[in-house]
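No value in this document is a laboratory result; all are computed from the given coordinates. The structure displayed is predicted, hence computed values, not measured ones. Because the Cβ atoms are built from the backbone with ideal geometry, glycine has one as well, and the counts that use them run over all protein chains shown.
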Amino acid sequence: MSIKVRVPTPLQKLTRDLDTVECNAKTIKDLVESLDKDYPGLKGRICDENGKIRRFLNIYVNDEDIRFLEMDRTELKDGDEVSIIPAIAGGQAVTFVSAFLFLSPPHPALSPFGGEEKGEGGNSIIWTAMIRHTNYSKEGKKNEAIR
Amino acid sequence: MSFVKGLKCRECGRHYPKEVLYVCEYCFGPLEVVYDYEKIKETLTKEAVESRPRNMWRYRELLPIDGKPTDGLNSGFTPFVEAKNLAKALGVKELYIKDDSVDHPTLSFKDRVVAVALSKAKEFGFNTVACASTGNLANSVASQAAAARLKSYIFIPADLEMGKVIGTLIYKPTLIAVEGNYDEVNRLCSQVAAKYKWAFVNINIRPYYAEGSKTYGYEILEQFGWKAPRHIVVPCAGGSLITKIWKAIKEFKEVGLIDTYKTKIYAAQANGCAPIVCAIKENSDIIKPVKPNTIAKSLAIGNPADGFYAASTVRESGGWAESVTDEEIVDAIKLLAQTEGIFTETAGGVTLGAAKNLIESGRIPKDESIVVCITGNGLKTQEAVIDKIGNPIKIKPTLSSFEEKVGK
Ligand SMILES: Cc1ncc(COP(=O)(O)O)c(C=O)c1O
Ligand SMILES: [Zn+2]
């Protein structure tokens, strides 16, 4: 049973600079133990002294937050993808391309400013469109975690 | 003169120097400012505080700057109103409004956190400040950055109320309206913060910024007569304010400015975004993120950064939590206006609505002192009430028209 695990930048020192590692495990709890065997010290970073997943580390199984599943009892199956992401990085398994597009304001409240934002004040309003990619396998890109 | 010892991880206790740091390298927990309370005790006496100007910097020893404060010199020391009419309406004996709907300069309690953040950002040598905001923070960063001659980049969800948008643009920041909710804005900002050398007030200098909220708590204690009230109801978005009010109470006890406290803290959120209230009611350690859907946009944070600590605060103090419907929010806004003459924004409606429910359900006893935290101004969220307050009576400029339409 092989599970792909995405490791955030700050923990890659322990995984010999790998951002993705593979392991075998039946649950998240298992997975942590298994990772610690291959990469000693990893468990201490992922779990606190009581063996609980650290509060400011979010874990996703195929993009679903384990807080919505069975926490560390969440079961895993062959081919699952697990992402470990510090909460401070915004904590969601979403990579996105943020394109700064100059669109018309989507908010009717802004109509007083007219269609174009030239305005003498020179205030800039930049409408940002976020394109979300939740599919890692297709994207093949690592989620940007905070350094 | 600094009373700050350094930073410390709230989770694992590791110590860090007082630099631009905000997350523990080891366990990813948030960092918090640590003070030298023994030294603070020597200068921060009641007499000293009372002799100082009436603004938030009168508690300067307990704020995380090294030099002189440079921003928000007129922020804080807002009215502490004994709300007799509202008390009567709710059937309680002793009720107070801590009224930050008139905080200077942008009419919300965020002026306090921004005052500290900008003073600190300058000490760190930044010339650009930024924030991710649900609206009030946007107003305050834009305003105070303009006064401080700093550049500012403000990120907001694109669907904010007009008052919040105009109240930001007027100061000429770079305003970025992101198509997404606050949690998405915040996530984007973490990435921007990692790349650009800006002081993101609520990201990379968050440990310092958040300390500003304590002054709201200090003022409650001073204005209540250097005592702690029994019950405080606090609105929660990211969960920072409620945590810092609790810290303020503990610190005042620590430095001897109050003798004791038996204060219970209550969290208020909207039904459409109540991750903290849910965790408290379910007695759970886990904050489950939600997708916000409420008219209380200033409180619409579905994945609250300090949610765990907010819930712990409530639990530790023996308080409770309540959420309210959008309709209850509007009713509470109207109730506060029509009893005390104070027009609050949706966040204030949430707080008063929750307080009302907590009193009615018996969670808050009717014969003990209660403080309701009003943290923002109603003129900024007019959309919430515009269809629910009637219309002016239109008449011709003649006495007969007046008597026909108005007179009896
Ligand atoms: C008016 C108002 N009250 C309360 C809050 C909640 O503050 P916190 O995020 O610290 O919980 C906010 C946050 O934006 C706010 O704008
Ligand atoms: Zn730590």
Ascending count of other beta-carbon atoms within 10 Å, so fewest first, for B:His15, B:His231: B:His15, B:His231
Kirkwood-type radius of chain B, with distances r between different C-alpha atoms, in Å: 21.5 Å
Ranked packing of A:75-82, B:123-130, most packed first, by mean Cβ within 10 Å: B:123-130, A:75-82
Chain B: most fluctuating residue of B:Cys12, B:Cys24, B:Cys373 per GNM, C-alpha cutoff 10 Å: B:Cys12
Sorted by Cβ neighbour density within 10 Å, fewest at the top, the residues B:Ile374, B:Ile395, B:Ile40: B:Ile395, B:Ile40, B:Ile374
Relative counts (whole %) of C-alpha pair distances in the stretch A:3-95, using bins that are 5 Å wide: 3, 14, 28, 30, 20, 5, 0
Convex hull volume of the stretch B:298-385 per residue (C-alpha atoms, cubic angstrom): 108 Å³
Computed over the stretch B:160-319, the ratio Rg/Rh where both radii use C-alpha atoms and Rh is Kirkwood: 1.00
Most fluctuating residue given options B:Gln269, B:Gln191, B:Gln144, as computed from a GNM of chain B linking Cα atoms under 10 Å: B:Gln191
Computed label-point distance, nm, for sites B:Ser284 and B:Ala89 using a 7 Å Cα→Cβ extension: 3.5 nm
All-pairs alpha carbon distance profile, the protein assembly as shown, 10 Å steps from 0, percent: 4, 17, 27, 26, 17, 7, 2, 1, 0, 0
Rule-of-thumb Rg ratio for the stretch B:238-360 [Cα; 2.2 N^0.38 Å; N residues]: 1.08
Average other protein chain Cβ within 10 Å of Cβ, residues A:53-64: 3
A:Phe68-B:Ile393 FRET efficiency (beta carbon distance; Förster radius 41 Å; 0.05 resolution): 0.20
Per-residue Cβ neighbour rank within 10 angstrom, fewest leading, B:Val92, B:Val23, B:Val116: B:Val92, B:Val23, B:Val116
Those lysines that a straight Cα-Cα span of less than 19 Å connects to B:Lys110, excepting residues fewer than 8 apart in one chain: B:Lys98, B:Lys120, B:Lys122, B:Lys151, B:Lys164, B:Lys172, B:Lys214, B:Lys244, B:Lys247, B:Lys297, B:Lys380
Dipole moment magnitude, nearest 20 debye, the protein assembly as shown about Cα centre, only Lys, Arg, Asp, Glu C-beta charged: 840 debye
Computed FRET value (nearest 0.05) for B:His15 with B:Thr325, which takes r as the C-beta separation and R₀ as 56 Å: 0.80
Radius of gyration, Dmax [the stretch B:1-131; alpha carbons; angstrom]: 18.0, 52
Label-point separation, B:Glu403 to A:Lys26 (7 Å along Cα→Cβ), nm: 9.2 nm
For residues of A:80-87, the mean tally of beta carbons on other chains within 10 Å: 2
Extension gain from B:Thr45 to B:Thr174, taking 0.36 nm per residue of separation minus the Cα-Cα distance: 42.2 nm
